[in-house]
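First the structure, in the form of structure tokens, and then the observations on it.
The values are calculated or read from the model by the stated rules, or taken from the named source; none is laboratory data. Because the structure is a prediction, the values reported are computed rather than measured. Every residue, glycine as well, gets a Cβ built from its backbone with ideal geometry; the counts of neighbours run over all protein chains shown. These area figures cover heavy atoms from the full protein model, side chains too; ligands, DNA and RNA do not enter into them. Shrake-Rupley method; radii C 1.70, N 1.55, O 1.52, S 1.80 Å.
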Amino acid sequence: MTLLTTTSELNQACARFETSRYVTIDTEFLREKTFWPQLCLVQIAMPDFEVLIDPLAENIDLSALFEILKNQNIIKVMHGCRQDIEIFHKEAGIIPTPLMDTQVMAMVCGYGDSISYEALVKRIPQGTIDKGSRFTDWSRRPLNDDQLTYALADVTYLRDIFENLENELATTGRLEWLSEEMDILTNPETYNQSPEIAWKRLKFQDKRPHIMGVIIELAKWREIQAQTRDVPRNRILKDDAIREIALQNPKKPEDFDRMRSVPRGFIASRNAEGLMAAVEAGRQLTKSELPPPPAVVDNRPGIGPLMDLLKVLLKFCCEENQVAPKLIANVADLERIASDENPQVKCMEGWRKEVFGGAAMDLKNGKLALASEDDKIVIIRRD
């Protein structure tokens, strides 16, 4: 194991990485008590060479590493990499490209929804990862050998995993199936932390303008507070509190103390005045300043059973084609298919339509039926 702590050592290692077709990368970071992640360790490997980089080492310059991440001749291979990319985007304003996420690759190859790195290690290189260092405080120094070994395994096994999955995708002709997911991961908008769009991260919206306006302004206020003070969003205000405040429509700060999701004594804190101002600002938003209301799903009689049939069909199609259902459609997509004559969902386009979308519409329109034969689901065409 090599832990690089100087700029000179890092530059020498990166000169070697420049010769490789691909590099595997992972990071260790802390963010339990902060809004912004603190980068504590970078692991990077190529065939027959691997190192660990200490970004907390005094006076170390990571420019050479960032050049590797930007190099268009080197594929950057990661697993479940959204948070890792978020860190690089925050630290250097870059997004590693070209990019391959082995979690997505595995989903396309039929290894299941969002398979873990540990599970892939067991199934492809048939290795094991020692969990003893999983809860390490990566900001503490020095790191011991067990911790460094654990961290390095996140990129050494990844080499075999990537090469096996890449070969499998090339054999099946599915490399292009990755493009949409990789486009999302490499889109700077994915990592946009602007308070103006903080409401989009909430799992709820409301079609009533006076309520939606308050939700938007509360989310914006919380985001500004969290970023400025560098604390997690929920330390400022939980999602449930945003929803309750918007629905309860408080008229004065004292009203907050009568809400279940708002901590007692909140009105005495430094947040009460700003929170009340956000509520007032939300009430002032006009319809033209609000996003379009969420689409309403038609819950007419029969939609529920049809949804159940679509779920069975989705699972069947995905097993037949050895692809993870999460890549094809989610529950909201199925609701839209069940309720709309012309559903505008991603599974009605391209390869997803070939795998599932076309069959889903045939099922809805009575051209396809599901049956059981020899304890298995079979499709019956009703032309």
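Quick rundown of the values:
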item	result
All positions within the range 108-125 that are modelled with pLDDT of 95 or more and polar (S, T, N, Q)	116
Top-ranked residue of the range 47-97 - restricted to ones that are closer than 23 Å to residue 121 by Cα and free of Cβ contacts under 8 Å to residues at least 40 places away in the same chain, ranked as surrounded by the fewest Cβ atoms within 10 Å (Cβ to Cβ)	48
Pairs, first exposed (fewer than 13 other Cβ atoms within 10 Å of the Cβ) in the range 279-295, second at pLDDT 95 or above and assigned to a helix (DSSP H, G or I), C-beta under 7 Å, six or more apart	none
Candidates 257, 240 - the one that is within 30 Å of residue 37 (Cβ to Cβ), among the acidic types (Asp, Glu), in a helix (DSSP H, G or I) and not assigned by the TED database to the domain that holds residue 361	240
Which numbered condition residue 24 misses (of (1) in contact with an Asp or Glu (Cβ under 9 Å, 6 or more places away or on another chain); (2) touching a residue at least 60 places away in the same chain (Cβ under 8 Å); (3) open to solvent by 20 Å² or more (accessible area, probe 1.4 Å))	(3)
Residue match in the range 154-161 (condition: in the same structural domain as residue 37 (by the TED database), more than 23 Å from residue 55 (Cβ to Cβ) and part of a loop (DSSP other than H, G, I, E, B))	no
Where a residue in the range 233-255 is in contact (Cβ under 8 Å) with a residue 24 or more places away in the chain and its partner, wherever it lies, is among the hydrophobic types (A, V, I, L, M, F, W, C) and open to solvent by 50 Å² or more (accessible area, probe 1.4 Å), with Cβ under 8 Å and at least six apart	none
For residue 69: the one exception among (1) touching a Lys or Arg at 6+ places or on another chain (Cβ under 8 Å); (2) farther than 19 Å from residue 191 by Cα	(2)
Those residues of the range 228-243 which are open to solvent by less than 40 Å² (accessible area, probe 1.4 Å) and not aliphatic (A, V, I, L, M), in sequence order	232
Filter result (among the charged types (D, E, K, R) and in contact with a strand residue (DSSP E or B) (Cβ under 6 Å, 6 or more places away or on another chain)) within the range 331-380	362
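Condition check ((1) free of Cβ contacts under 8 Å to residues at least 24 places away in the same chain; (2) assigned to a loop (DSSP other than H, G, I, E, B); (3) touching a helix residue (DSSP H, G or I) at 6+ places or on another chain (Cβ under 8 Å); (4) open to solvent by 20 Å² or more (accessible area, probe 1.4 Å)) across all residues:
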position	(1), (2), (3), (4)
125	no, yes, yes, yes
132	yes, no, yes, yes
135	yes, yes, no, yes
146	yes, no, yes, yes
151	no, no, yes, no
167	yes, no, no, yes
189	yes, no, no, yes
